[in-house]
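All remarks here apply to the structure that follows.
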């Protein structure tokens with residue numbers, strides 16, 4: 001019962017920041033359930049991740065694609081989905097990347113590769129990027145170069 005209440009609260013939050021109704025969000029439950037099962041995460045985590053992308057003006061397909069990539073990052077790095085969403089958004093926005101699946105995959109690939117070859121964790125790299133992205137981008141540094149230097 002607590003899980004249903006948490007899910008309903010998250011759907012209500014999503015409906016509040018979008019043009020969706022709560023019933024619209026419940027109608028999307030099969031899609032969210034399917035994707036969450038593929039990712040091995042909770043349905044609520046996926047709803048929360050996509051809500052943050054809805055708040056940035058993305059449509060359902062875009063928000064879902066970015067939410068899925070964000071959850072992948074969270075699962076690989078063993079971090080909270082909300083932190084992963086914040087770090088993904090900081091990299092995307094800080095380096096003025098398109099808010100799409102391709103950019104999110106790029107970030108995941110870079111963070112994973114750097115975490116594998118350095119002593120840094122994905123969350124450490126993401127936090128460092130979140131603090132430096134806009135200034136690095138202003139200095140015409142590439143995302144990959146900045147992430148490598150910070151790692």
Please determine, in degrees from 0 to 90 and to the nearest 10, the orientation of helix 101-117 with respect to the longest principal axis defined by the Cα atoms of the chain, where the helix direction is its Cα long axis. 50 degrees
Spin-label proximity, residue 17 to the range 87-129 - amide N less than 13 Å from point 7 Å beyond Cα toward beta carbon: 87, 89-90
Would you look at the GNM of the chain, springs on alpha carbons closer than 10 Å, and say which of 128, 49, 104 moves the most? 128
Extension reserve of the residue 141-residue 98 stretch, reckoned as 0.36 nm per residue once the Cα distance is removed: 13.8 nm
Specify which labelled value, from (1) 68, 50, 24; (2) 46, 27, 21; (3) 38, 34, 24, agrees with Cα extents along the principal axes in Å derived from the coordinates of the model shown. (2)
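Quick note: the coordinates plus some simple rules give every number you see, no bench work behind them. If you're wondering where the values come from, they're calculated on a predicted model, not measured in any experiment. All Cβ positions, even for glycine, are placed from backbone atoms using ideal geometry, and neighbour counts span all protein chains on display.
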